[in-house]
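Q: Input: one structure, supplied below.
The values are calculated or read from the model by the stated rules, or taken from the named source; none is laboratory data. Note that the structure is predicted; figures quoted are calculated from it, not measured. Note: ideal-geometry Cβ built from the backbone for every residue, glycine included; neighbour counts use all protein chains shown. Ligands, DNA and RNA are stripped out before the accessible areas are found, and what is left, the full protein with its side chains, is counted by its heavy atoms. Shrake-Rupley method; radii C 1.70, N 1.55, O 1.52, S 1.80 Å.
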Amino acid sequence: MSVNRFIKLGFICFLFCSLFLIFPPMISSVAAAPIDGIDAILVIDTSGSMRSADPERITLEAASLFMDMMETRNSRIAVIQFSGGLHTVMPLTPINEISTRANVRQTVSGFVYQGWTDIGLAMRAAAQMLLDDPVETNSPMILLFTDGRIDLPAGWAGGRTIEASYADAWWALEAVEDFAAIYTIGLNHDGSLNEEFLREMATRSGAQSFIADDAAYLPQIFNEIFASHIRSSITEVAMIIADGETYEDVHIPIPSAFVSEANIIMLSTRPIPSVRLFDPSGREIEFDNETYTLTYANRYSMIKILEPMVGEWLLSVRGVAEDRITVNLIYNYNVTVSLSVTQPDAEEPGMFFNPELPVMVQAGFISALPSSQIQTLFNESVATMFIFDEDLNLAESVEMVSTGSAFALEFMLDPPRNVYISVGVTHEGFDQTTVGSAVLFAPEVIAEAQAREQEQAGQTNDDEQNDPPDVTPAPTPDADPDDIPYEIPPREIQTPSFLIFVLIGVALMLVLAALILRAVSIRRTKNRLYTGHLEIRALLADGNYSALEAPDLSTFAGQMSLMEFLTNSLGGAKADKFSLSGIPVWDIHLTPGMVGNRPVIYVNKKAECHVTDGDGNAIFKKKIMWDDNQQLIFSLPGETPRIEITYRVGEDG
């Protein structure tokens, strides 16, 4: 190591230690506002292909079932019916009134299957609803159902194209993925389903994607989505073959006072003629559509109990002869497990984790319960951290430690790899698992780790090939107890007091030397790291191009918005010309990076903006790796203005 690099390293180490002592790392709180209800938007495909995919219209009943399972006092529901355009669009509406829920069921049951398929148009409308009308204490979600892929004919109304529809779908995902889950259901009855598209929409928003080849599975899938979203689970308590005459008894356990709602779902192939319910005291319940609600449909019946009494309830069911009835139970708890995955030691939190710093995982409880009861929950619960690989396969599970106010665990990922973290908390009164939180490393970090593993694997193979033939060793005599090796404990080092002053003096000298070196070399360092320039011009609303500019990358210091970079490099007057195009240049963020020895720029767009390459191919990634001589074109849907930028590494502007 050169003297210059040694001095700089010493300065960095000294500065880091000083900052650590003055500003200890903050542990992010896992507390949050209690979740009161759900804001659910049902996006339902009613294109013509659904006539053969779902002739019995099971999809529409399953959608109503989902609403019936929702918490009714604070939740809201919206419905978007689409085919080649938007048809019924019901805005987010509270479902605390019986008449509202009945109106939703009636509206959905009247949907007609006909037309083409424009998923993007519907998803854009759904995302806009969540953006325009948020409720902080409700948990937002979108449930997208489709039986195929985006399908529009050439010359469709208004010039709408398949590419535009996909672009709208990706815009919707980017607009809400940080705060809303997008669950997707695909009915793949004829093999035309775009499974990869649906899976990407769900995974990136921290939700799940379900694929079925038969509509008969849809009610169960809607059950699973509801249970997943409220961090609960489905318990199948019974499966009945009805004889048409007698009542079959099913025991329904309510294990603790943490259950705020119990949903008893009876899935069948035909309407269930009669259902009765008895509380733990043996009293028969009268359904009042408030505390006790009974809902009927052709393929399901459902009972919702608010604040149920702890104990063993009894359900009596009489079904149609030879009909199979599956009884599922879903609890909604008055306590929710929250998750925080951070790197407290990181100087500036960003999109990617630092492979050299530990990852801190914390879990806590979100609840309106008194703090004394929350404290008891920590003492009586067991928390487990689950690590999943990129394919969502479980790689490892580790029990967490309770601090009295949170469950915590710190770990390192060596070698660095992208994973998903979730936490499951088990208590005798409830069992919940959080959604996954991604731990992502920069692409160049992953590439370097994989290269090291391959190199090590190659060396291991070479060593094995060069090993001499096995020779059976002679028996080793038993070791004498006095000769058995033992581990030498570390010796405590006594530091004389005068040495402390010497170390302080050396540190101060390192600081002074590093500052001098920094002042001399800062300009040269910037030019070395960020050579080249951007070639940029804007197509304005009048159809004319602005002058071609070539801002130098020497002003590019760390992450900044495109507007900040243009202002620093071109000056405010020239930069303003690009903002006048209407492209959200403040929300397009640029970050310098290296892939091996190759400089790149990472582009992260945080607003409505389409990106294509120089050949007109749409780029749907949220984070784009921008290479030398690559052109990116930023535009808004349906509008003329755009900004064209080419990244040039090997030349100075």
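Q: What are the residues in region 114-129 that are in contact with a strand residue (DSSP E or B) (Cβ under 8 Å, 6 or more places away or on another chain) and charged (D, E, K, R), if any? Spell out the reasoning first.
A: In the first step, residues of region 114-129 are kept if they are in contact with a strand residue (DSSP E or B) (Cβ under 8 Å, 6 or more places away or on another chain); the result is 116-119, 121-123, 125-127, 129.
Across region 114-129, the qualifying residue is only Asp118.
Q: So which residues in region 154-174 are over 21 Å from the mean Cα position of the chain (by Cα), at pLDDT 90 or above and not polar (S, T, N, Q)? Step through it out loud before you land on a result.
A: Residues of region 154-174 that are over 21 Å from the mean Cα position of the chain (by Cα), as a first pass: 154-165.
Subsequent filtering for residues that are at pLDDT 90 or above retains 161-165.
Ile162, Glu163, Ala164, listed by residue number.
Q: While we're here: Hey, any hits in region 74-86 for a residue that's open to solvent by 40 Å² or more (accessible area, probe 1.4 Å), modelled with pLDDT of 90 or more and assigned to a strand (DSSP E or B)? So that I can check it myself, show each step before the final result.
A: Within region 74-86, the subset open to solvent by 40 Å² or more (accessible area, probe 1.4 Å) is 74, 86.
Now restrict to residues that are modelled with pLDDT of 90 or more: 86.
Still in the running and assigned to a strand (DSSP E or B): 86.
So far as region 74-86 goes, yes, one or more of its residues are open to solvent by 40 Å² or more (accessible area, probe 1.4 Å), modelled with pLDDT of 90 or more and assigned to a strand (DSSP E or B).
Q: Something else now. Under 9 Å by Cβ, and 6 or more places apart or on different chains, what pairs join a residue from region 156-175 that is touching a residue at least 12 places away in the same chain (Cβ under 8 Å) and open to solvent by less than 60 Å² (accessible area, probe 1.4 Å) with one that is β-branched (Val, Ile, Thr) and in a helix (DSSP H, G or I)?
A: Correct list of pairs: Ser165/Ile119; Tyr166/Ile119; Asp168/Ile119; Ala169/Ile119.
Q: Between Ile633, Ile601, which is under 26 Å from Glu448 (Cα atoms) and at pLDDT 80 or above?
A: Details: Ile633 fails: under 26 Å from Glu448 (Cα atoms).
Unique residue meeting the criteria: Ile601.
Q: I'd like to know if region 348-357 contains one or more residues that are open to solvent by less than 30 Å² (accessible area, probe 1.4 Å) and either touching a Leu at 6+ places or on another chain (Cβ under 9 Å) or basic (Lys, Arg) (or both).
A: Let us first name the residues in region 348-357 that are open to solvent by less than 30 Å² (accessible area, probe 1.4 Å), namely none.
No.
Q: For region 404-419, indicate whether the set of residues that are among the small types (Gly, Ala, Ser) and surrounded by fewer than 19 Cβ atoms within 10 Å (Cβ to Cβ) is non-empty. Break it down stepwise before answering.
A: Going through region 404-419, the residues among the small types (Gly, Ala, Ser) turn out to be 404-406, 408.
This time we only want the ones that are surrounded by fewer than 19 Cβ atoms within 10 Å (Cβ to Cβ), so: 404-405.
Looking for residues that are among the small types (Gly, Ala, Ser) and surrounded by fewer than 19 Cβ atoms within 10 Å (Cβ to Cβ), one finds at least one in region 404-419, hence yes.
Q: Separate question: Filter region 188-235 down to residues that are assigned to a loop (DSSP other than H, G, I, E, B) and open to solvent by 50 Å² or more (accessible area, probe 1.4 Å), then give me how many there are.
A: Step one: of region 188-235, the residues assigned to a loop (DSSP other than H, G, I, E, B) are 188-194, 205-208, 213-214, 230-233.
Narrowing further to those that are open to solvent by 50 Å² or more (accessible area, probe 1.4 Å): 189-191, 208, 213-214, 233.
The total comes to 7.
Q: So is Glu453 within 28 Å of Ile601 (Cβ to Cβ), surrounded by fewer than 17 Cβ atoms within 10 Å (Cβ to Cβ), of a type in the set (D, E, K, R) and touching a Pro at 6+ places or on another chain (Cβ under 7 Å) or not? Break it down stepwise before answering.
A: Values: within 28 Å of Ile601 (Cβ to Cβ): yes; surrounded by fewer than 17 Cβ atoms within 10 Å (Cβ to Cβ): yes; of a type in the set (D, E, K, R): yes; touching a Pro at 6+ places or on another chain (Cβ under 7 Å): yes.
It is true that Glu453 is within 28 Å of Ile601 (Cβ to Cβ), surrounded by fewer than 17 Cβ atoms within 10 Å (Cβ to Cβ), of a type in the set (D, E, K, R) and touching a Pro at 6+ places or on another chain (Cβ under 7 Å).
Q: Quick check on Asp249: is it modelled with pLDDT of 90 or more and either over 30 Å from Val337 (Cβ atoms) or not in a helix (DSSP H, G or I) (or both)? Explain how you work it out, then say what you get.
A: Values: modelled with pLDDT of 90 or more: yes; either over 30 Å from Val337 (Cβ atoms) or not in a helix (DSSP H, G or I) (or both): yes.
Spelling it out, Asp249 is indeed modelled with pLDDT of 90 or more and either over 30 Å from Val337 (Cβ atoms) or not in a helix (DSSP H, G or I) (or both).
Q: To continue, here is another question. What's the number of the only condition in (1) among the charged types (D, E, K, R); (2) closer than 22 Å to Ala215 by Cα; (3) at pLDDT below 50 that Arg5 fails to meet?
A: That leaves (2) as the condition not met.
Q: What residue, among those in region 324-340 that are of a type outside the set (D, E, K, R) and modelled with pLDDT of 90 or more, is most open to solvent (accessible area, probe 1.4 Å)?
A: Looking only at region 324-340, we keep the residues that are of a type outside the set (D, E, K, R), and these are 325-340.
Adding the requirement that they be modelled with pLDDT of 90 or more leaves 325-329.
Details: Ile325: 1, Thr326: 30, Val327: 0, Asn328: 2, Leu329: 2 Å².
Among those residues, the one meeting the criterion is Thr326.
Q: One residue is enough: does region 442-454 have a residue meeting the conditions within 30 Å of Val310 (Cα to Cα) and modelled with pLDDT of 85 or more?
A: At the first step, the residues of region 442-454 found to be within 30 Å of Val310 (Cα to Cα) are none.
No, the conditions are met nowhere in region 442-454.
Q: Still on this structure: Out of region 249-276, which residues are open to solvent by 10 Å² or more (accessible area, probe 1.4 Å) and touching a helix residue (DSSP H, G or I) at 6+ places or on another chain (Cβ under 6 Å)?
A: Result: Leu267, single match.
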